[in-house]
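In what follows, a single structure is set out as structure tokens and then discussed.
Bear in mind these aren't lab numbers, they're just calculated from the coordinates by the rules spelled out. Being a predicted model, the structure only gives us computed values, none of them experimental. When we count neighbours, we look across all protein chains shown, and the Cβ atoms used for this are built from the backbone with ideal geometry, even at glycine.
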Amino acid sequence: MSSPQSPIAPRIQQVQESATLAIDAKAKALKAAGEDVIGFGAGEPDFPTPDHIVEAAQKACADPAMHRYTPAAGLPALREAIAQKTLRDSGLEVDAGQVVVTNGGKHALYNVFMTLVGEGDEVLLPAPYWVSYPEQIKLAGGVPVALPTGVATSFRVTVSQLEAARTSRTKALVFVSPSNPTGAVYPADEVAAIGRWAVEHGIWVITDEIYEHLVYGEARFTSMPVVVPELRERCVVLNGVAKTYAMTGWRVGWSIAPREVTAAILKLQSHLTSNVGNVSQAAALAAVSGGLEDVAVMRETYDRRRQIAFEKLNAIPGVVCPEPQGAFYVFPSIEGTYGREIGGRAIDSAMTFCEVMLDVAKVAMVPGEGFGAPGYVRISYALSDADLIEGLDRLTTTLT
């Protein structure tokens with residue numbers, strides 16, 4: 001007897017669960033059950049949102065104007081402030097009419113993929129990639145084309161790779177620097193070369209700049225449409241307040257696009273969500289209009305933790321960790337642990353490695369399979385120094 005047909009639409013059946021959220025949920029469940037789990041899984045700052053931002057939200061709560069619908073594209077003052085912030089921070093001159101405020105950066109990405117990507121369009125996706133990119137591309141009817149990178153190229157894709165992958169169906173490239181999950185940062189000359197290649201072949205660039213302020217050492221953030229101005233009419237910039245201002249729960253992101261694309265994005269958003277919560281928008285306005293002093297403190301702290309993680313991981317037998325230059329992740333290879341038996345299980349993949357480390361060492365990490373990078377794991381160092389060191393020491397003890 002045949003099983004009844006699933007009520008779930010095929011487009012949703014093909015979507016994979018977010019590996020980052022799944023591991024974080026499991027770690028939190030173990031903690032709730034009384035287990036002493038160190039969570040390296042979530043890509044979330046451990047700092048509180050700065051006081052002046054919270055105060056702006058509290059004030060907005062008492063304003064009756066904030067109790068009503070507002071424009072679907074975002075509060076006019078916030079759109080203008082985002083345009084000014086973009087010029088200040090990256091050198092890209094845009095106007096408020098190009099900005100659409102969204103429910104977090106993830107929503108901005110979804111809007112853009114749904115707006116630009118048609119059925120069968122190919123989207124070039126350097127790997128390792130953030131877990132939601134390929135799933136959102138597929139939801140839009142597109143085909144994600146993964147381009148593997150590794151330690152040898154410092155996790156940076158090359159123009160020759162892009163050209164080899166280009167076909168008549170190539171519509172767009174997803175470009176991310178600083179990178180989640182690797183922490184890679186592209187030098188300005190490589191950003192420019194990729195941008196000129198995209199212009200030459202009429203390919204759209206969707207550039208995710210959410211980690212723009214989290215760069216370390218000699219690394220510098222470079223916005224592609226700034227160094228390649230001729231790309232601006234085929235480029236969408238994505239950003240948000242989550243990482244820079246420790247505002248992941250406030251859910252405010254945005255897209256900046258040519259006017260025709262912005263109008264189409266707004267048409268979509270008007271049917272999906274209408275306006276983002278006004279209190280969150282008021283908080284975001286205070287964030288992007290204010291200074292970067294709090295961000296500097298966070299960056300200095302992340303830099304210290306980055307170096308701790310880099311040194312401790314490379315001292316573990318079987319682990320090789322490239323030095324990250326941005327974001328707040330390390331992305332070590334754990335292939336050197338394959339074949340070892342720990343807790344009664346043989347390590348044969350990053351997925352198995354993470355399951356064993358959670359069970360035995362009570363340390364939660366995200367396996368590289370979710371990022372298109374088998375053999376690697378993502379470890380966030382956006383947690384207290386004490387927890388970071390304790391978690392890394394547990395890994396060392398378990399693997400030594």
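Quick check on Asp51: is it out of contact with any Lys or Arg (no Cβ under 9 Å at 6 or more places or on another chain) and in contact (Cβ under 8 Å) with a residue 60 or more places away in the chain?
Answer is no for this residue.
For the structure I just gave you, tell me whether Ile23 is buried (at least 20 other Cβ atoms within 10 Å of the Cβ) and closer than 30 Å to Gly141 by Cα.
Yes: the conditions hold for Ile23.
Among what's in region 142-160 and is touching a residue at least 40 places away in the same chain (Cβ under 8 Å) and in contact with a helix residue (DSSP H, G or I) (Cβ under 9 Å, 6 or more places away or on another chain), pick the residue that is farthest from Leu173 (Cα to Cα).
Looking at the filtered set, the residue picked out is Pro148.
Output the residues belonging to region 211-223 that are among the hydrophobic types (A, V, I, L, M, F, W, C) and either surrounded by fewer than 24 Cβ atoms within 10 Å (Cβ to Cβ) or in contact with a His (Cβ under 9 Å, 6 or more places away or on another chain) (or both).
Val215, Ala219, Phe221, listed by residue number.
Can you tell me which residues in region 323-378 are charged (D, E, K, R) and either touching a helix residue (DSSP H, G or I) at 6+ places or on another chain (Cβ under 8 Å) or outside any helix (DSSP H, G or I) (or both)? Please lay out each step first, then the result.
Kept after step one, since they are charged (D, E, K, R), are these residues of region 323-378: 323, 335, 340-341, 345, 348, 355, 359, 362, 369, 378.
Passing the criteria: Glu323, Arg340, Glu341, Arg345, Asp348, Lys362, Glu369, Arg378.
Only residues that are exposed (fewer than 12 other Cβ atoms within 10 Å of the Cβ) and part of a loop (DSSP other than H, G, I, E, B): list them for region 64-93, please.
Arg68, Tyr69
Examine region 382-390 for a residue that is free of Cβ contacts under 8 Å to residues at least 40 places away in the same chain and either more than 30 Å from Glu218 (Cβ to Cβ) or surrounded by fewer than 17 Cβ atoms within 10 Å (Cβ to Cβ) (or both), and state whether such a residue exists.
yes
Check Glu55, Glu35 and return the single one that is more than 24 Å from the chain's Cα centre (by Cα), in a helix (DSSP H, G or I) and among the acidic types (Asp, Glu).
Glu55
Of everything in region 315-337 that's farther than 25 Å from Gly240 by Cα and either free of Cβ contacts under 8 Å to residues at least 12 places away in the same chain or hydrophobic (A, V, I, L, M, F, W, C) (or both), which residue is surrounded by the fewest Cβ atoms within 10 Å (Cβ to Cβ)?
Ala315
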